[in-house]
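Peer 1: I'd like to ask you about the structure that follows.
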Amino acid sequence: MKVNLLIDNPGDVRSGYVNIDPLAPENDPDGRLKGDVGNLDHAVDGGEAEEILALEVLDYFPGHQADDILANWLSKLAHGGRLTISVVDVKEVARAVCSNNLSIDDINELLHGKQEKPWQFRKSAYTLSQLVEVLSNQGYKVLARRVQNYRALVTVERP
């Protein structure tokens, strides 16, 4: 059975998706599945996902874990399945800083997270070009790439 997965920060819920949130309560009234978003083995078998949306998740993990996390997510895709990732694009934030278009509070939140709770700390930074390079070097076809509101968004397809 093919499934769609949403791993999102701050725990959005979308119809038609298995919504995974490590902070969801047991028997979540919104139907979110509590589980590790960096390792989807608990949610789906390899080659079973038609689509995975990983929205503002990757940059909350330390950079040295990114390759393993991406490999896990990609391994869950069916042939022809799609992975969409969004992260804060540090290059776009730097441009805004140089243009004096962001307040210091906005800069800090974009680069470091809200920091109001222990899980709201960003631990790594990416650019659109870095993300595209990593995913395309692993043999995935890049279908879309853009920057919007200081966030890089990349969609790839498994061959």
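Peer 1: In the stretch 1-150, with Lys and Arg counted as +1 and Asp and Glu as -1 at Cβ, which of these residues, 119, 16, 66, has the Cα nearest the positive end of the dipole, that is, farthest along it?
Peer 2: Comparing the listed Cα positions along the dipole, 66 ranks first.
Peer 1: For the stretch 3-157, what proportion of DSSP beta bridges, expressed in % and rounded to the nearest 5, is antiparallel? List each step's numbers first, then the result.
Peer 2: Details: 14 of 31 bridges.
Taking every DSSP beta bridge within the stretch 3-157, about 45 percent pair in antiparallel fashion.
Peer 1: Under the rule of at least 5 residues apart or a separate chain, name every residue whose amide H is placed under 5 Å from the amide H of residue 57.
Peer 2: Result for residue 57 returns 86.
Peer 1: Additional query: Please tell me the relative contact order of the stretch 3-157 in percent, rounded to the nearest whole number, where contacts are Cα pairs under 8 Å and at least six residues apart.
Peer 2: The normalised contact order for the stretch 3-157 reaches 20 percent.
Peer 1: Where does the stretch 1-69 land on the Kirkwood hydrodynamic radius, alpha-carbon pairs, in angstrom? Show your work: numbers first, answer last.
Peer 2: Numbers: mean 1/r = 0.0807 Å⁻¹.
Value: 12.4 Å, from the Cα pair sum.
Peer 1: Stokes-Einstein at 4 °C, 1.567 mPa s, Kirkwood radius from Cα pairs: D for the chain in µm² s⁻¹?
Peer 2: Details: Rh = 16.1 Å.
The estimated diffusion coefficient comes to 80 µm²/s.
Peer 1: For the Cα atoms of the chain, what angle does the longest principal axis make with the long axis of helix 66-75, in degrees from 0 to 90, nearest 10?
Peer 2: 30 degrees
Peer 1: If I fit a long axis through the Cα atoms of helix 128-137 and take the longest principal axis of the Cα atoms of the chain, what angle between them do I get, 0 to 90°, rounded to 10?
Peer 2: Taking Cα atoms only, the helix is inclined about 30 degrees.
Peer 1: Could you please rank 57, 134, placing first whichever residue has the fewest other Cβ atoms within 10 Å of its Cβ? Write out the running numbers ahead of the final one.
Peer 2: Working: 57 21, 134 17.
Ranked by crowding around the Cβ, least crowded first: 134, 57.
Peer 1: Something else about it: Mind checking the dipole of the stretch 3-157: about its Cα centre, +1 per Lys or Arg Cβ, -1 per Asp or Glu Cβ, Debye to the nearest 20? Present the calculation step by step, with values, prior to reporting the outcome.
Peer 2: Numbers: 15 positive and 24 negative charges, 101 e Å.
The dipole magnitude comes to about 480 debye.
Rule-based calculations on the coordinates, nothing more; no lab input. Since the structure is predicted, the reported quantities are computational estimates derived from the model, not experimental observations. Glycine gets a Cβ as well: all are built from the backbone with ideal geometry, and neighbour counts include every protein chain shown.
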